[in-house]
Amino acid sequence: YLMVDIGGGSTELVYGETPDSYATSISLDIGAVRLTERHLHADPPTPEQIGAAERDVRAALARATRIPLRSARTVVGVAGSVTTIVAIDLGLTEYQRDRVHHARVPVRRVSEIADGLLRSPQAQRLADHPVIHPGRIDVIGAGALILREILLASGTSELLCSEQDILDGVALSVVGGKSA
């Protein structure tokens, strides 16, 4: 299992052999806000800016040698960028937690969504996808790009989305519980 948590400043990867344990984790310096600030300055970003962002993510993943990306049979994505991309895939106009939780999205579809978001100006993103929170509209393209690159690097065929995130897991481990 590979858990992916794309934040604003960083992306956390947690790898484990079973859903209730982990073998290793790493925090990468490639969050949605950080990647946008580094590379995606135009609205919409230019192909050169997108290429630079892709290279940045790929370089970070190449340095994450203690995470066996290709060994993961299931990739679980959590947090706002992932749940927003899943909501877009589901065609939601308003966020529906129960539909997003445990939804599966093919990597091909994640890639299509990322490409569409990156090619659209922010105003068009919001018009086309009202499920995107207005505060996320400027960074969702970077979040989608990060997710796409991780999925491609893992070789998985689909993403499994969870509304339970890494903080839920930490809290459960403190009290000795198991997550659902």
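What the table below lists for this structure:
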| item | result |
| --- | --- |
| From the options S21, S25, residue that is in a strand (DSSP E or B), modelled with pLDDT under 95 and open to solvent by 40 Å² or more (accessible area, probe 1.4 Å) | S25 |
| Residue ID - farthest from S157 (Cα to Cα), chosen from residues in region 41-67 that are of a type in the set (A, V, I, L, M, F, W, C) and surrounded by 13 or more Cβ atoms within 10 Å (Cβ to Cβ) | A52 |
| Criterion (in contact with a Gly (Cβ under 6 Å, 6 or more places away or on another chain) and not in a loop (DSSP other than H, G, I, E, B)) met by exactly one of V76, V33, V14 | V33 |
| Enumeration of residues in region 85-131 that are closer than 13 Å to L160 by Cα, in a helix (DSSP H, G or I) and open to solvent by less than 70 Å² (accessible area, probe 1.4 Å) | I85, V86, A87, D89, V100, V107, R109, V110 |
| Looking only at region 103-127, and only at residues there that are free of Cβ contacts under 8 Å to residues at least 12 places away in the same chain and charged (D, E, K, R), the one that is farthest from G143 (Cα to Cα) | R108 |
| Condition met for G77 (closer than 21 Å to C161 by Cβ, open to solvent by less than 10 Å² (accessible area, probe 1.4 Å) and not hydrophobic (A, V, I, L, M, F, W, C)) | yes |
| Qualifying positions in region 146-166 - within 14 Å of V105 (Cβ to Cβ), assigned to a loop (DSSP other than H, G, I, E, B) and open to solvent by 40 Å² or more (accessible area, probe 1.4 Å) | S157 |
| Filter result (assigned to a loop (DSSP other than H, G, I, E, B) and in contact (Cβ under 8 Å) with a residue 12 or more places away in the chain) within region 36-56 | L40, D43, P44, P45 |
| Verdict on R70 being open to solvent by less than 50 Å² (accessible area, probe 1.4 Å), part of a helix (DSSP H, G or I) and charged (D, E, K, R) | no |
| Residue within region 80-91 that is within 17 Å of E12 (Cβ to Cβ), touching a His at 6+ places or on another chain (Cβ under 8 Å) and in contact (Cβ under 8 Å) with a residue 24 or more places away in the chain present | yes |
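The values are calculated or read from the model by the stated rules, or taken from the named source; none is laboratory data. Please read all numbers here as calculations on a predicted model, not as lab measurements. Heads up, the Cβs are rebuilt from the backbone with ideal geometry, glycines too, and the neighbour counts pull from every protein chain shown. In case anyone asks, the SASA skips ligands and DNA or RNA and just uses the protein heavy atoms, side chains included. Shrake-Rupley method; radii C 1.70, N 1.55, O 1.52, S 1.80 Å.
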